[in-house]
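The values are calculated or read from the model by the stated rules, or taken from the named source; none is laboratory data. Here the structure is a predicted model, which means the values were calculated and not measured. Using ideal geometry, Cβ is built from the backbone for each residue, glycine included, and neighbour counts are taken over all protein chains shown. Surface areas here come from the heavy atoms of the whole protein model, side chains and all, with no ligands, DNA or RNA. Shrake-Rupley method; radii C 1.70, N 1.55, O 1.52, S 1.80 Å.
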Amino acid sequence: MRKILVFAVIILSLGEVFSQNLSQRAISARMKTFARPEYMVKDIKYYTDTMTVISLSEYVIYPLGKHSKIESYVHRSGIDWYRESGYQNFFDTLHVSVNTLSRLDGSHVDAFIAINTNKMEMVDGYITDTNIVLQNGIKVGMTKEEVFSKFFSTYPRAYLANINVLRVSSGANEISEVYTFRGKKLKSIGFVTRYKYY
């Protein structure tokens, strides 16, 4: 009798795991149908508290806009940045000239002008300053609904209840924007890059 009870518990546990994976896939497929066309969403993955959106849009690659000079972004942002220039190791093989733009609250953006694109490319970044606005209009302090409405035309509100992190990645996974929520508000925006070429 005990063996039958243990076997039943195992079967129920496996069934629960399978149904959870199935529901996550169903949510991902449904959310993809709500994606805004300008983001050219290729795929969506939904995990317990994280949603990952794979996008082919230039918004993801150039979240601060396309600029051929660092000064161009600093001027257009209308923000007083502290600026440092230096060199950083880049994929352990290159020593690259990087400009670090920072704010008093710890927000920073590390960027360089790429020789192959002649555009300002981001190496790293972390934003908590509510004055910094991305190219698509997102800024820290917005509600979760406001952030998601930038990427999706509509969506079931219940799908967002457990989401604490929205990760939007480029198609080649060269750059990701990581939106972290605390409660119903956007707490921070992080940038993670994996560029292979300078």
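For the range 78-96, check the following and say yes or no: at least one residue is closer than 28 Å to LYS42 by Cα, within 18 Å of the chain's Cα centre (by Cα), assigned to a loop (DSSP other than H, G, I, E, B) and of a type in the set (A, V, I, L, M, F, W, C). No, the range 78-96 has no match at all.
Is one or more of the residues making up the range 190-198 within 26 Å of ARG30 (Cβ to Cβ) and part of a strand (DSSP E or B)? No; the residues of the range 190-198 include none that is within 26 Å of ARG30 (Cβ to Cβ) and part of a strand (DSSP E or B). So which residues in the range 153-168 are touching a helix residue (DSSP H, G or I) at 6+ places or on another chain (Cβ under 7 Å) and closer than 13 Å to PHE191 by Cα? The answer is LEU166, VAL168.
Restricting attention to the range 140-163, the residues that are crowded, with 16+ Cβ neighbours inside 10 Å and out of contact with any Gly (no Cβ under 7 Å at 6 or more places or on another chain) total 11.
Any residue in the range 69-88 that is of a type in the set (S, T, N, Q) sitting within a Cβ distance under 7 Å of a residue that is outside any loop (DSSP other than H, G, I, E, B) and open to solvent by 30 Å² or more (accessible area, probe 1.4 Å)? List the pairs, counting only those 6 or more apart or interchain. What qualifies is SER85/SER97. Look at the range 136-152: where a residue is within 10 Å of LEU186 (Cα to Cα) and a partner is open to solvent by 30 Å² or more (accessible area, probe 1.4 Å) and not charged (D, E, K, R), sitting 6+ places away or on another chain with Cβ atoms under 8 Å, you get LYS139/THR130; LYS139/ASN131; LYS139/VAL133; VAL140/THR128; VAL140/THR130; GLY141/THR130.
With the structure loaded, tell me whether GLY125 is of a type outside the set (A, V, I, L, M, F, W, C), buried (at least 20 other Cβ atoms within 10 Å of the Cβ), in contact (Cβ under 8 Å) with a residue 12 or more places away in the chain and touching a strand residue (DSSP E or B) at 6+ places or on another chain (Cβ under 7 Å) or whether it fails that test. Spelling it out, GLY125 is indeed of a type outside the set (A, V, I, L, M, F, W, C), buried (at least 20 other Cβ atoms within 10 Å of the Cβ), in contact (Cβ under 8 Å) with a residue 12 or more places away in the chain and touching a strand residue (DSSP E or B) at 6+ places or on another chain (Cβ under 7 Å).
Once the range 41-60 is narrowed to residues that are open to solvent by 90 Å² or more (accessible area, probe 1.4 Å) and free of Cβ contacts under 8 Å to residues at least 60 places away in the same chain, the residue that is farthest from SER149 (Cα to Cα) is TYR47. Within the range 91-135, the residues that satisfy the criterion of being more than 18 Å from GLY190 (Cβ to Cβ) and among the hydroxyl-bearing types (Ser, Thr, Tyr) are THR93, SER97, THR117.
THR130 falls short on exactly one of the conditions (1) surrounded by fewer than 18 Cβ atoms within 10 Å (Cβ to Cβ); (2) part of a loop (DSSP other than H, G, I, E, B); (3) touching a helix residue (DSSP H, G or I) at 6+ places or on another chain (Cβ under 8 Å); (4) at pLDDT 90 or above, and that condition is (3). Filtering the range 145-185 to residues that are of a type outside the set (Phe, Trp, Tyr), touching a strand residue (DSSP E or B) at 6+ places or on another chain (Cβ under 7 Å) and not in a strand (DSSP E or B) leaves VAL147, ILE163, ASN164, GLY171, GLU174, LYS184.
Under the condition of being under 21 Å from ASP124 (Cβ atoms), at pLDDT 90 or above and either aromatic (Phe, Trp, Tyr) or in a strand (DSSP E or B) (or both), the residues counted in the range 44-77 number 7.
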